[in-house]
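Working notes, structure below.
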Amino acid sequence: KIKIINSVNSTIKKDTTGTLVESDKKLDFQTFPEGGSLIDGMKANVAFKAVKPDGLPQAILGKLYENDSVLLKLKSTHAGMGSFQFTPDISKSYHIELENMTTQPNRFKLPTIKNKGIGLSVWKQTEDSLFLKVSSNQRNVQKIYIRAQVRGTVQAMAMGNLEDSLKIALPISEYPQGICEITLFNQELKPVTERLVYVNQQKKLYIQVELTKKIYQTREKVILTIKSLDVEGNPVKAHLGV
């Protein structure tokens with residue numbers, strides 16, 4: 001017996017041996033609102049990604065529709081990825097139609113719009129600071145908290161009173177290079193939204209490895225001496241794998 005799982009994006013048919021196979025897989029097209037949600041009346045940054053059935057990126061052209069009217073055009077900029085901005089209205093429906101796709105479906109709905117909520121976005125980044133914008137459509141003063149962590153280690157905490165919008169600058173010059181998780185908590189200390197940002201791309205890590213021998217036998221114990229240095233030759237912490 002063959003159990004078919006998650007065949008929504010494919011057609012099931014029999015091959016010449018009578019075995020059930022998957023064929024005619026469709027394009028995988030996904031949208032990603034910054035902060036995780038679309039919120040009524042709040043300007044949103046939305047990223048998208050298109051992947052072919054073989055896992056390779058697919059360049060796309062398309063349009064964002066508000067109800068049945070074209071709101072804006074969109075186009076991938078790199079490896080099937082791109083982004084656009086718009087202000088969602090909960091009383092209207094939104095979908096994207098791709099123009100350069102011959103396979104069906106080429107129409108994709110956007111995520112559900114929330115009636116109320118708090119949005120988190122990154123509006124600027126320098127070598128020294130990361131600038132965040134927190135927005136709300138609830139129009140009541142509430143306390144919010146921001147936590148920044150890299151590789152599971154908390155780098156900074158911030159607190160503020162939010163009414164409609166609030167800008168926060170986080171000093172990042174001392175953060176290690178890598179993905180920084182920015183999590184926003186409400187006044188009950190419950191996580192509301194999250195944003196991932198790659199920080200300190202300019203920081204370089206130089207690895208030096210020395211062996212005790214030039215040739216080893218099969219399964220012979222190997223001893224490595226490893227040094228990790230920054231651009232100025234100073235020793236720095238590093239998370240490495242062999």
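The values are calculated or read from the model by the stated rules, or taken from the named source; none is laboratory data. Just so it is clear, the structure is predicted and the values come from calculations on it, not from any experiment. Positions of Cβ are backbone-derived with ideal geometry, glycine not excepted, and every protein chain shown enters the neighbour counts. Surface areas here come from the heavy atoms of the whole protein model, side chains and all, with no ligands, DNA or RNA. Shrake-Rupley method; radii C 1.70, N 1.55, O 1.52, S 1.80 Å.
Here are the numbers for this structure:
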{"read-out": "Extension gain (nm, one decimal) between ASN186 and VAL154, 0.36 nm per residue minus Cα-Cα", "value": "9.7 nm"}
{"read-out": "Option label - Cα Rg over 2.2 N^0.38 Å computed here, alternatives [x] 1.36; [y] 1.09; [z] 2.56", "value": "[x]"}
{"read-out": "Most mobile of LEU71, LEU224, LEU110 in a GNM of the chain (Cα contacts under 10 Å)", "value": "LEU224"}
{"read-out": "Proximal charge balance of MET157 [Cβ under 14 Å; K/R count +1, D/E count -1]", "value": "+1"}
{"read-out": "Gain on full stretching of the segment that runs from ASN234 to ILE215 - 0.36 nm per residue minus C-alpha separation", "value": "3.8 nm"}
{"read-out": "Protection proxy ranking of 74-81, 51-58, 28-35 - average other beta-carbon atoms within 10 Å, highest first", "value": "28-35, 74-81, 51-58"}
{"read-out": "Contact order normalised by residue count of the chain, Cα under 8 Å, 6+ apart, percent", "value": "12"}
{"read-out": "Pairs of lysine residues in the range 124-242 - Cα separation under 18 Å, sequence separation of 8 or more or cross-chain", "value": "13"}
{"read-out": "Fluctuation leader among THR87, THR218, THR112 - the chain, Gaussian network, Cα springs under 10 angstrom", "value": "THR218"}
{"read-out": "Percentage relative contact order, the range 149-242, counting C-alpha pairs under 8 Å, at least six apart", "value": "19"}
{"read-out": "Charge context of VAL231, other residues only, Cβ under 11 angstrom, K/R +1, D/E -1", "value": "0"}
{"read-out": "Model label zone, GLU163; criterion: amide N under 16 Å from point 7 Å along Cα-to-beta-carbon; scope the range 118-136", "value": "134-136"}
{"read-out": "The chain, accessible area per residue, ligands and nucleic acids excluded (1.4 Å, Å²)", "value": "66"}
{"read-out": "Sequence-distant residues sharing a close amide H with VAL192 (under 5 Å, placed H)", "value": "LEU184, PHE185, ASN186"}
{"read-out": "Accessible area of the chain belonging to carbon and sulfur atoms, whole % at 1.4 Å probe", "value": "49"}
{"read-out": "Positive minus negative residues near THR87 (Lys, Arg vs Asp, Glu; Cβ under 15 Å)", "value": "-1"}
{"read-out": "Nearest-0.05 FRET efficiency for ILE226 and ASN45, computed from C-beta distance (R0 45 Å)", "value": "0.65"}
